[in-house]
Ligand code: CIZ
């Protein structure tokens, strides 16, 4: 088939039909992270952040969960849903931030600070979650840290999120790890100042994985879930969005009368963009790239996720 826009559209429609057929045949559900490509968000049963998706997965009656995101997210879904088959469309879709700390390094850090509680951001491996007292997301990190009785808290692996939490919870002493998200770290102060000049009426919403000097310019610091809530509730009509580019699609879809701007062309997560319709059809058909966590690690990692859910939702 020669390339043309029309053929490209036909090819996409055929893939969508094939995915719908496979979903029905295999009793599968498609979960997509907020940072996924538009066409993936369009075919997903649920779009959300990693925690919303992992929790949603516990409530659906499906045999297969096709998790369109990166590895640690599929791991969390598998940890919370051990009876379901969790598939990651592209096995190389990882998270460089999660890879910045190993369980061995975390054990050594804990040995240096035996009085400290250990909090891990969900962007971490199952092994690191298993070594932690409690997990957190960017939406509940402050609440989780505040809830702990310890004065000193080890917080891994994202240093910018740790610094933000420290600024909001000064009564605690946070021991940080020098991890970072290679996408969020690229957003510069200059780019935000320029975007504000171009859109003087826009509010700037920033993700806490951004650098502190960028967060200082924010009207609101929030997680992806927080950005949806804020944009919906705000009277403002324009927003500069300081997080991954995939967010703009759903923000605009849910708020057609409002405008959303990306302050930098660098806010694209290469790992998130690896997932395509073709890879979804491939992994569903062959049931490849299953994500399963060894039971001993799964049980320990589940404790840190369950503790976070208890702090956040009270159950
Ligand atoms: O937890 C998530 O899904 C991530 C990576 C970010 C966020 O703020 O939702």
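Values in this text are rule-based calculations from the coordinates and carry no lab data. From a predicted model like this one, the values you see are computed outputs, not experimental measurements. Please note: Cβ atoms are built from the backbone with ideal geometry, for glycine as well, and neighbour counts cover all protein chains shown.
Calculated FRET efficiency, residue 299 and residue 24, Cβ-Cβ r, R0 51 Å, to nearest 0.05? Write out the running numbers ahead of the final one.
On the way: r = 33 Å, r/R0 = 0.65.
Plugging the Cβ-Cβ distance into 1/(1 + (r/R0)^6) gives 0.95.
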Fraction of the pair-distance distribution of segment 184-261 above 21 Å, Cα-Cα pairs, percent:
17 percent
Please list the radius of gyration and Dmax for segment 98-181, considering alpha-carbon atoms only, with Å as the unit.
11.2, 30
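Could you rank the peptides 86-95, 209-218, 58-67 by their average count of other C-beta atoms within 10 Å per residue, with the highest value first?
Working: 86-95: 21.2, 209-218: 19.1, 58-67: 17.4.
So the peptides 86-95, 209-218, 58-67, ranked by packing, come out 86-95, 209-218, 58-67.
So what are segment 170-315's ellipsoid semi-axes, whole angstrom, largest first, if each one is the square root of 5 times an eigenvalue of the alpha-carbon gyration tensor?
Details: eigenvalues 188, 103, 57 Å².
Here the semi-axes work out to 31, 23, 17 Å.
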Those residues of segment 163-177 whose amide nitrogen sits under 18 Å from the label point placed on residue 213, 7 Å along Cα→Cβ:
163-164
Expressed as a whole number of Å, what is the distance separating the alpha-carbon centroids of segment 178-245 and segment 104-155?
26 Å
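How far, in nm, would the chain grow between residue 61 and residue 113 when pulled straight, counting 0.36 nm per residue and subtracting the alpha carbon separation? Show your work: numbers first, answer last.
On the way: separation 52, 0.36 × 52 = 18.72 nm, distance 4.33 nm.
Difference between extended and current length: 14.4 nm.
Please give the FRET efficiency for residue 92 paired with residue 261, using the beta carbon to beta carbon distance and R0 = 35 Å, rounded to the nearest 0.05. Display every interim value, and only then the final one.
Numbers: r = 31 Å, r/R0 = 0.88.
It comes to 0.70.
In Å³ and rounded to a whole number, note down the convex hull volume per residue for the Cα atoms of segment 171-224.
Values: hull volume 5.6 nm³, N = 54.
Spread over its residues, the Cα hull of segment 171-224 gives 103 Å³ apiece.
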Using per-residue counts of other Cβ atoms within 10 Å, averaged over each peptide, order 37-50, 126-139, 7-20 from highest down.
126-139, 37-50, 7-20
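Give me the extension gain from residue 253 to residue 9: residue separation times 0.36 nm, minus the current Cα-Cα distance, reported in nm with one decimal.
Values: separation 244, 0.36 × 244 = 87.84 nm, distance 2.05 nm.
Separation in residues times 0.36 nm, less the Cα-Cα distance, equals 85.8 nm.
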Residue-normalised 222 nm signal for the chain, counting each DSSP H run of n ≥ 4 as -39,500 (n - 2.57), nearest 500 deg cm²/dmol, is -13000 deg cm²/dmol
Just grab the label-to-label distance for residue 230 and residue 268, each label 7 Å out from Cα along the Cβ direction, in nm (one decimal).
2.5 nm
Using per-residue counts of other Cβ atoms within 10 Å, averaged over each peptide, order 245-251, 294-300 from highest down.
245-251, 294-300
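At a Förster distance of 41 Å, what's the computed FRET efficiency of residue 282 paired with residue 167, Cβ-Cβ distance as r, to 0.05? Display every interim value, and only then the final one.
Numbers: r = 45 Å, r/R0 = 1.09.
Result of the calculation: an efficiency of 0.40.
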